[in-house]
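J.: Input: one structure, supplied below.
FYI, it's all coordinate maths here, none of it is from the lab. Quantities reported herein were computed from a predicted structural model and do not represent experimental measurements. Don't worry about glycine lacking a Cβ; one is built from the backbone with ideal geometry, like all the others, and counts go over all protein chains shown.
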């Protein structure tokens, strides 16, 4: 039996659940926006789709054990944090860039600031489990007797 990721325990399970919820919400939002009114705000709607992909990859990276997936989680959640900060700031500074909201507009105001809080919690969780993740193999191995 493969070892469970140390990231998918305790608070990590809550993070995974919230990433899953945001993945569904962002995917649904971006699909509807792109299908119904893409020409109105193509940049904003594309960013919502990017956010959806980021949430999906981050969720998977927190579930799958191993150093490689730990690194994917770090990169993905770091990208998410940068995206929320950049898009959040730009949406406040220049409203014309975003004629319609994205998932990350106004630092995630439309999602009760979950897009802002989630990467902070995710990066904290990853940092807390850095040593445990570094000790995990890069792929699942089967030991004798299993």
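J.: Would you mind computing the Rg to Rh ratio of the range 6-135 from its alpha-carbon coordinates, Kirkwood style for Rh? List each step's numbers first, then the result.
T.: Values: Rg = 15.0 Å, Rh = 14.8 Å.
Dividing the radius of gyration by the Kirkwood radius yields 1.01.
J.: Would you work out the Kirkwood radius for the range 7-84? I mean one over the mean of 1/r across all pairs of different Cα atoms, in Å.
T.: Hydrodynamic radius (Kirkwood, Cα only) of the range 7-84 equals 13.0 Å.
J.: So, one more: For a paramagnetic label modelled at 7 Å from the Cα of residue 94 toward its Cβ, which residues of the range 25-61 fall within the zone defined by backbone nitrogen distances under 19 Å?
T.: Hits in the range 25-61 for residue 94 at 19 Å: 40-48.
J.: Sticking with this structure for a sec: Using the alpha-carbon centroid of each, what span in Å lies between the range 93-114 and the range 36-53?
T.: 12
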